[in-house]
Amino acid sequence: MSTANAPELAARVQASKEALDAHVREIIEWHFNPETGCPFWLNWAENAGWDPRKEVHNYADLDKFGNFEDDWLRGGPVRRWVPKGYADKPVYVFETGGSTGVPKSRMQINDFRIDYEQFSTTLPDEAFPKGSDWLMLGPSGPRRLRLAVEHLAQHRGGIAFCVDLDPRWVIKLIKRGEIREAELYKQHCIDQALTILRANEVKCMFTTPKLLEALCEKIDLAKYGIKGVFCGGTEMTPQFHRFAVEELLGPDVYFAPTYGNTLMGLATHRAPAKEDNWAIIYYPPAPRALLEVVNPDNPLELVPYGATGRVRLTTLTKETFIPRFLERDECEREAPCDQYPWDGVRNVRPFSKFQKSVVEGVY
Amino acid sequence: MIHIPILRQGKPYKSIDVNRAFHYRTGEQLAEISQANIGLIRRDLLKQGEMQAALQGFTTRELIALAKKAAKHFAEDELPLGDSMQSPDDIVKQITGTTGSPNVMVRRNMEKVRGVLDSMETVLSGLTRLPDLDMLDRGYGEIGGRALSFFPRGKSLGVILPSNSPGVHSLWAPAIAFKTPLILKPGGSEPWTPYRIAQAYIKAGVPPEAFGYYSTNHGGGGEILRQSGRGMLFGDVGAAKAWSGDPRIEIHGPGYSKVILADEGAKNWEKYIDLIADSIAQNSGRSCVNCSSVWTTANGKEIAEALAERFAKIAPRAEDDPEAAVAPFASPDIARRISAMIDQEMDGAVDLVEAKRGTPRVADKDGCTYVLPAVVHVDKSHALANREFLFPYASVVQVSPEELPDCLGPTLVCTAITSDRALQQRLLANNHIGRLNFGPISTMKISWDQPHEGNLFDHLYARRAFQSVLETVA
């Protein structure tokens with residue numbers, strides 16, 4: 001996929017590694033400095049008996065933290081995650097999960113804006129025209145996505161129309177086997193979207209794979225003036241990618257698949273190439289977040305390029321530090337490319353060892 | 001490599017997602033099968049009206065004639081299989097390869113499919129009981145001076161198919177003659193037969209638009225049942241339970257088919273022992289119409305011993321051996337688990353076949369794993385009294401005549417060998433019995449002029465009140 005020659009790409013990869021190492025040192029200094037770090041990490045370092053500011057010099061050194069446990073993000077007090085350096089800033093709490101039990105929380109001040117402003121630079125203007133209005137047909141409530149997409153629209157000079165959508169209710173319906181009720185709820189969301197699309201001149205939208213399918217069963221998005229669809233939230237297979245491009249949207253609507261979550265932010269897709277056979281290849285927003293593909297039985301070991309492994313996330317922003325978090329996904333490891341000189345991930349899907357216990361395809 | 005595509009209104013579609021089918025013994029890959037994503041299925045099923053319209057231009061008689069031609073194509077011709085062609089011998093080897101069913105059993109089942117296609121007029125007459133099938137084209141008619149009218153309950157029939165026995169395809173194949181398009185989800189290891197039936201119909205002249213063939217995952221199967229006008233599901237107890245409340249879906253779960261012997265029938269049991277053995281063991285016991293328990297008012301122990309004597313002679317044979325009487329399991333692990341489950345539930349009972357054979361129930365031969373036949377003699381409250389497994393298995397249960405038929409429970413096919421009129425009346429009145437045979441008739445025997453395992457016509461059509469005054473309305 002790369003257009004750069006091999007030595008040129010190697011030089012870019014090396015430069016990005018050096019930038020990442022410098023970024024790591026800056027983030028570690030921030031999070032473990034008693035003046036700026038958050039209570040959680042300062043306590044953690046005290047109990048661990050070692051000072052990350054002295055021992056972490058580069059990205060590889062983050063292995064010393066072991067794997068981040070997502071249970072740490074559940075429950076209160078949530079202010080333990082707010083860096084002292086941001087104590088006087090207005091704080092958002094975004095939640096993930098929570099259909100049963102306590103959700104995971106991520107505290108944010110500006111990260112969602114920064115992530116989506118960066119993402120905005122990857123969107124083609126002809127498909128997502130500046131100044132155009134958006135439809136946010138995705139989860140509402142305490143979800144980061146709802147505010148992030150609205151910010152994306154505003155950042156690009158538009159307004160975002162939103163719907164009410166509670167994914168926790170949908171998960172409960174599915175777990176109870178009430179598929180008909182779940183279908184009715186989906187139609188309720190689609191009805192809200194149709195009302196917005198009929199009354200307003202909307203050109204861009206965010207939605208999830210299932211809602212995109214449901215919406216396209218009702219209308220031809222191109223005829224409604226939609227130019228670009230930014231899609232994410234649940235697994236997308238290569239077959240879905242092809243189906244979306246060839247049948248749901250057609251040649252006049254751009255399809256931008258993404259992979260993301262509340263803890264990472266947003267990984268953008270590499271422009272599809274014929275030789276990829278509709279594989280969906282994502283690159284994380286380095287150095288703010290990194291995705292790696294590791295041996296499930298030894299998460300410290302990266303698998304070779306092209307091999308399958310478990311997704312490991314490291315988030316490195318001044319608002320959030322999440323080292324070596326093992327996602328519930330698997331994929332193939334993708335080599336750096338011209339546009340993204342760091343590791344990517346190919347065909348992300350639910351981790352096969354967990355598949356029986358994961359309810360996917362919620363909204 | 002053979003590739004089996006999705007059929008979207010008859011048009012082949014190669015998916016990026018594929019499943020692979022392997023030979024049960026050698027592990028050789030035999031085919032890759034395109035997998036349909038749920039959205040694609042939903043999108044296609046928005047066009048059920050078009051699919052139905054493709055069949056509306058035909059009369060029932062024309063479709064019966066096309067079915068007859070399809071029978072010939074199915075049994076004798078090379079037919080498209082993805083990008084390649086498939087001969088009748090090819091499909092026998094392919095089904096054996098992916099299911100383990102010996103060639104001789106596959107051929108028997110293929111003949112069953114051919115039979116239903118070839119006998120379509122008889123089948124339709126049996127299902128509808130109409131003296132004049134043209135009434136289906138007109139939508140109304142008269143019998144004995146009384147007006148009758150029928151209307152289709154849905155625009156298509158979605159069928160979730162099993163892998164265990166290709167004979168079940170004879171149940172849905174008549175839908176085309178009833179002008180009902182088919183949305184088929186093949187079983188994971190038996191993608192072959194439904195694809196070939198569709199191709200045989202298409203070659204005969206049925207519009208390709210009438211056929212949807214979607215190999216897909218569990219969610220895709222659910223979507224087919226939800227979106228199709230009418231549905232038919234072959235599955236285990238769990239799958240059957242999940243859809244049991246939906247009147248649009250005809251469920252084919254375990255059959256728990258039975259042979260009953262009472263009064264003279266029980267007394268003269270030796271006369272019927274071959275028929276009982278055939279009901280239990282034909283098709284390696286894999287069909288829901290296989291007898292899985294024998295209920296008798298006398299001589300239970302003797303009957304069980306006699307069955308065991310016969311079944312002890314059944315041994316694994318090569319897949320192309322015409323004498324092969326038991327099929328290996330594609331998954332050795334499943335074979336061992338089934339056998340272990342029976343052992344755990346014995347509770348003092350004995351597998352009489354195992355005792356006579358002198359070797360374990362699970363046998364390995366030439367890299368294949370078999371579960372050899374089992375017979376237990378138990379009382380009606382025993383855990384193994386009314387069970388069904390994917391191999392030749394039967395319990396023999398002795399009860400008093402008065403206990404019949406209330407002790408039987410759900411029974412797909414019941415063969416009752418008795419001259420006790422009162423018992424016959426009780427059997428006729430029993431609402432748990434799907435098909436009732438009086439006299440020495442194998443539970444496996446299907447009469448094409450009788451509805452079997454549900455009435456496809458009643459499932460696809462409903463009767464409406466109808467009156468007409470035959471005058472021109474000015």
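For the reader, a short list of remarks on this structure follows.
- Residue tally, condition buried (at least 16 other Cβ atoms within 10 Å of the Cβ) and either modelled with pLDDT of 95 or more or out of contact with any strand residue (DSSP E or B) (no Cβ under 7 Å at 6 or more places or on another chain) (or both), over the stretch B:446-458: 6
- Hits in the stretch B:286-300 (condition: modelled with pLDDT of 95 or more and buried (at least 22 other Cβ atoms within 10 Å of the Cβ)): B:Cys291, B:Ser292, B:Ser293, B:Val294, B:Trp295, B:Thr296, B:Thr297, B:Gly300
- Condition check for A:Ile174: of a type in the set (A, V, I, L, M), within 11 Å of chain B (Cβ to nearest Cβ) and either out of contact with any helix residue (DSSP H, G or I) (no Cβ under 6 Å at 6 or more places or on another chain) or in contact (Cβ under 8 Å) with a residue 24 or more places away in the chain (or both): yes
- Where a residue in the stretch B:325-339 is of a type in the set (S, T, N, Q) and its partner, wherever it lies, is assigned to a strand (DSSP E or B) and modelled with pLDDT of 90 or more, with Cβ under 8 Å and at least six apart: B:Ser339/B:Val362; B:Ser339/B:Val371
- Flag if A:Cys189 is within 29 Å of B:Gly220 (Cβ to Cβ), within 12 Å of chain B (Cβ to nearest Cβ) and either in contact with a strand residue (DSSP E or B) (Cβ under 6 Å, 6 or more places away or on another chain) or not charged (D, E, K, R) (or both): no
- The lone exception for A:Thr122 - which of (1) under 26 Å from A:Glu217 (Cα atoms); (2) more than 14 Å from chain B (Cβ to nearest Cβ) it fails: (1)
- Scanning the stretch B:232-250 for residues that are in contact with a strand residue (DSSP E or B) (Cβ under 9 Å, 6 or more places away or on another chain) and closer than 13 Å to B:His459 by Cα, we see that the one that is surrounded by the most Cβ atoms within 10 Å (Cβ to Cβ) is B:Met232.
- All told, A:Phe119 meets the bar of being crowded, with 21+ Cβ neighbours inside 10 Å, under 23 Å from A:Lys227 (Cβ atoms) and touching a Ser or Thr at 6+ places or on another chain (Cβ under 7 Å).
- Failed criterion for A:Val294 (all others in (1) modelled with pLDDT of 95 or more; (2) under 25 Å from A:Val13 (Cβ atoms); (3) within 11 Å of chain B (Cβ to nearest Cβ) hold): (3)
- Helices (runs of 4 or more DSSP H) within the stretch B:1-95 that include 3 or more residues at pLDDT 95 or above and within 14 Å of chain A (Cβ to nearest Cβ): B:38-45
- Residue in the stretch A:28-42 that is exposed (fewer than 15 other Cβ atoms within 10 Å of the Cβ), among the hydrophobic types (A, V, I, L, M, F, W, C) and closer than 26 Å to A:Trp342 by Cβ present: no
- Restricting attention to the stretch A:239-291, the residues that are of a type in the set (S, T, N, Q), under 18 Å from A:Pro350 (Cα atoms) and within 14 Å of another protein chain (Cβ to nearest Cβ) total 1.
- In summary, A:Trp72 fulfils each of the numbered conditions (1) aromatic (Phe, Trp, Tyr); (2) assigned to a helix (DSSP H, G or I); (3) in contact with a strand residue (DSSP E or B) (Cβ under 6 Å, 6 or more places away or on another chain) with the single exception of condition (3).
- One residue stands out in the stretch B:340-389 among those that are hydroxyl-bearing (Ser, Thr, Tyr) and under 19 Å from B:Phe311 (Cβ atoms): the one that is surrounded by the fewest Cβ atoms within 10 Å (Cβ to Cβ), namely B:Thr359.
- Candidates B:Ser228, B:Ser215, B:Ser163, B:Ser189, filtered to the one that is more than 14 Å from chain A (Cβ to nearest Cβ) and either surrounded by 24 or more Cβ atoms within 10 Å (Cβ to Cβ) or within 21 Å of B:Phe58 (Cα to Cα) (or both): B:Ser228
- Flag for A:Pro304 being part of a loop (DSSP other than H, G, I, E, B), surrounded by 20 or more Cβ atoms within 10 Å (Cβ to Cβ) and either touching a residue at least 12 places away in the same chain (Cβ under 8 Å) or of a type outside the set (Asp, Glu) (or both): no
- When the stretch B:80-109 is limited to residues that are buried (at least 22 other Cβ atoms within 10 Å of the Cβ) and not β-branched (Val, Ile, Thr), the one that is nearest to B:Cys368 (Cα to Cα) turns out to be B:Gly100.
- If you check B:Gly245, B:Gly220, B:Gly238 for being within 12 Å of another protein chain (Cβ to nearest Cβ) and closer than 24 Å to B:Ala31 by Cβ, only one passes: B:Gly220.
- The sole residue among A:Arg333, A:Arg310 that is of a type in the set (Lys, Arg) and either under 30 Å from A:Pro83 (Cβ atoms) or not in a strand (DSSP E or B) (or both) is A:Arg310.
The values are calculated or read from the model by the stated rules, or taken from the named source; none is laboratory data. Keep in mind that what you see is a predicted model, and the values were worked out from it rather than measured. Neighbour counts run over all protein chains shown; Cβ positions are idealised from the backbone, glycine included.
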